[in-house]
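J.: My questions all concern the structure below.
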Amino acid sequence: MHSETPQGERLQKVLAAAGVASRRAAEALIQAGQVTVNGRVVTELGSRVSPGDRISVSGRPIQRTPRFRYILFNKPPGVVSTALDELGRKTVLDLVQVPERIYPVGRLDIDSEGLLLLTNDGELTNRLLHPSHEVPREYHVWVSPEPTEAQLDELRRGVLIEGGLTHPATVSRRPGGNLSIVIHEGRKRQIRQMAEAVGLQVRRLQRVRLGPLSLGTLPSGEWRDLHPTEVRVLAETAGLARPARK
């Protein structure tokens, strides 16, 4: 292990590339003392490792050449979009049980539903979540009272919420009385905050698209693996020059 020299790769980057977790989550694992290198606990984020180093997380050795998994899940309301929940609530991993250590790409709050991507590809996750790539997210939103055109124009131009002014959004009316809202950011509870900023209350919120991925007719609570073509197009959308590794 090389913790004080520029040789080797940063430990959190290796963990993310191995599909253990996203880079940020890998940093939390390191700081929590859950990672060992050659049998020694490592807690410093600046630590570096070499190809021959033996790395374990929570006592389990990692594979440096992982099998990546990409899953599209239709999250129902009442389910938490995290791997673990300290309050004991049902999580997405209670409903999507696979051998790989996957995790959600971003979050939907507990009351929201719809498309959620789960993977163990840390590099793709970081790129999808990074604001610079402006990956579009489309939501179907049921609000009350009936929105006016002036309110919709405000949403299109951008409104002030926690964290600053939102970027311009694409907003249109849909049959059935709901709205289609497309944003390119991923702030916490952003759609709900945007609606509140113009005097609207969200009654139901469903994400139906993430970049090129669409929810389609996948039933609530069900999941499916992405087709290799979907993985390739998703990687290109996230700014990867090469297809994501299979």
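J.: If you scan region 184-228, which residues turn out to be assigned to a loop (DSSP other than H, G, I, E, B), over 20 Å from the mean Cα position of the chain (by Cα) and polar (S, T, N, Q)?
T.: Thr217
J.: Then there's this: Any residue at all in region 131-146 that's crowded, with 22+ Cβ neighbours inside 10 Å, closer than 25 Å to Gln201 by Cα, of a type in the set (Val, Ile, Thr) and in contact (Cβ under 8 Å) with a residue 60 or more places away in the chain?
T.: Yes, because at least one residue in region 131-146 is crowded, with 22+ Cβ neighbours inside 10 Å, closer than 25 Å to Gln201 by Cα, of a type in the set (Val, Ile, Thr) and in contact (Cβ under 8 Å) with a residue 60 or more places away in the chain.
J.: Which residue out of Leu128, Leu116, Leu108 is in contact (Cβ under 8 Å) with a residue 60 or more places away in the chain, under 13 Å from the mean Cα position of the chain (by Cα) and assigned to a helix (DSSP H, G or I)?
T.: Step by step, each of Leu128, Leu116, Leu108 is checked, and only Leu128 is in contact (Cβ under 8 Å) with a residue 60 or more places away in the chain, under 13 Å from the mean Cα position of the chain (by Cα) and assigned to a helix (DSSP H, G or I).
J.: Would you confirm, using the coordinates I've provided, whether Val98 is within 30 Å of Gly8 (Cα to Cα), in contact with a strand residue (DSSP E or B) (Cβ under 9 Å, 6 or more places away or on another chain) and not polar (S, T, N, Q)?
T.: no
J.: Can you work out which of the residues in region 49-95 that are polar (S, T, N, Q) and farther than 20 Å from Leu215 by Cβ is nearest to the chain's Cα centre (by Cα)?
T.: Of everything passing the filter in region 49-95, Thr82 is nearest to the chain's Cα centre (by Cα).
J.: Those residues that are crowded, with 19+ Cβ neighbours inside 10 Å and more than 26 Å from Leu128 (Cα to Cα), I need them from region 19-41; list them, please.
T.: Val37, the sole residue that qualifies.
J.: Right, next: Could you list all residues from region 14-56 that are basic (Lys, Arg), under 26 Å from Tyr70 (Cα atoms) and either in contact with an Asp or Glu (Cβ under 6 Å, 6 or more places away or on another chain) or touching a residue at least 40 places away in the same chain (Cβ under 8 Å) (or both)?
T.: Scanning region 14-56 gives a single hit, Arg23.
J.: Give the residues of region 221-235 that are in contact with a Leu (Cβ under 8 Å, 6 or more places away or on another chain) and aliphatic (A, V, I, L, M), sorted by residue number.
T.: If the condition is that a residue be in contact with a Leu (Cβ under 8 Å, 6 or more places away or on another chain) and aliphatic (A, V, I, L, M), then Leu226, Leu234, Ala235 are the ones that fit.
J.: Sort out which residues of region 56-74 are touching a Lys or Arg at 6+ places or on another chain (Cβ under 8 Å) and surrounded by 15 or more Cβ atoms within 10 Å (Cβ to Cβ), and write them in order of number.
T.: Those that are touching a Lys or Arg at 6+ places or on another chain (Cβ under 8 Å) and surrounded by 15 or more Cβ atoms within 10 Å (Cβ to Cβ): Phe68, Ile71, Leu72.
J.: How many residues does region 176-201 hold that are among the β-branched types (Val, Ile, Thr) and either surrounded by fewer than 17 Cβ atoms within 10 Å (Cβ to Cβ) or under 14 Å from Pro145 (Cα atoms) (or both)?
T.: Going through region 176-201 one residue at a time, the tally reaches 2.
Every number here is computed from the coordinates shown, using simple stated rules; none is lab data. Model, not experiment: these values are computed from the prediction. FYI the Cβ positions are ideal-geometry reconstructions off the backbone, even for glycines, and counts take in every protein chain you see.
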